[in-house]
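Report on the following structure.
Throughout, read-outs are computed from the coordinates displayed, never taken from laboratory work. On a predicted model such as this, the values are computed, not experimentally measured, just so you know. Here the Cβ positions follow ideal geometry from the backbone for every residue, glycine too, while neighbour counts run over all protein chains shown.
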Amino acid sequence: MSECIFCKIVRREIPADIVYEDEISLAFRDINPQAPTHILVIPKEHIPSLVDADPVKHEALLGHLLLVARRVADLEGITDSGFRIVINNGKDAGQAVDHLHVHVLGGREMGWPPG
Ligand code: 5GP
Ligand code: ZN
């Protein structure tokens, strides 16, 4: 059984504040939010990072994650004010959890470029 913390959240072995679920994805609140809304959208399948996604097998899955992110923004009421989608990939980007996840951030104005 995988030791990955996000796989454990998928299996309900550790708690999370889940805001959306379907057969291939799960969305839950980040434990250390960086904005009033900070939700992580993940595939239920363990894919370590974006670069590990298969260009053929995972094409529809990656599109699905983005559409779920958009849906989550709607559920949170931040579609009109705007929101940011982030996928950290690898060391320099600060990826800390090796299970592909899409950050959905909103509820405040954000700076650019990101740090
Ligand atoms: P990364 O830096 O890998 O892109 O983002 C990982 C995110 O996962 C961080 O924002 C961190 O706060 C969040 N996180 C880490 N462990 C947990 C956890 O056990 N539960 C939840 N809900 N979020 C977590
Ligand atoms: Zn995992």
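A DSSP coil position with no more than 10 other Cβ atoms inside 10 Å describes none of the GluC sites (Glu not before Pro) in segment 35-78. In terms of the mean number of neighbouring beta-carbon atoms within 10 Å, the peptides 61-68, 84-91, 100-107 order highest first as 100-107, 61-68, 84-91. Taking Cα atoms only, the orientation of helix 59-76 departs from the longest principal axis of the chain by about 40 degrees. Rounded, prolate or oblate: which one fits the chain, using the alpha carbon gyration tensor with axes a ≥ b ≥ c (rounded when a/c is under 1.5, else prolate when a/b beats b/c, else oblate)? Note, shape of the chain comes out rounded. The helix-only estimate of mean residue ellipticity at 222 nm for the chain, built from DSSP H runs of length n ≥ 4 each weighted as -39500 (n - 2.57), is -6500 deg cm²/dmol after division by the residue total.
Taking the beta-carbon count within 10 Å as an exposure proxy, list Ser25, Ser49, Ser2 from fewest neighbours to most.
Values: Ser25 22, Ser49 17, Ser2 12.
The order, fewest Cβ neighbours first, is Ser2, Ser49, Ser25.
Let me know the shape class of segment 57-115, please: from the alpha-carbon gyration tensor, a ≥ b ≥ c as square roots of the eigenvalues, rounded when a/c is under 1.5, otherwise prolate if a/b is greater than b/c, or oblate. Oblate shape, in that a/c is at least 1.5 and b/c is the bigger or equal ratio.
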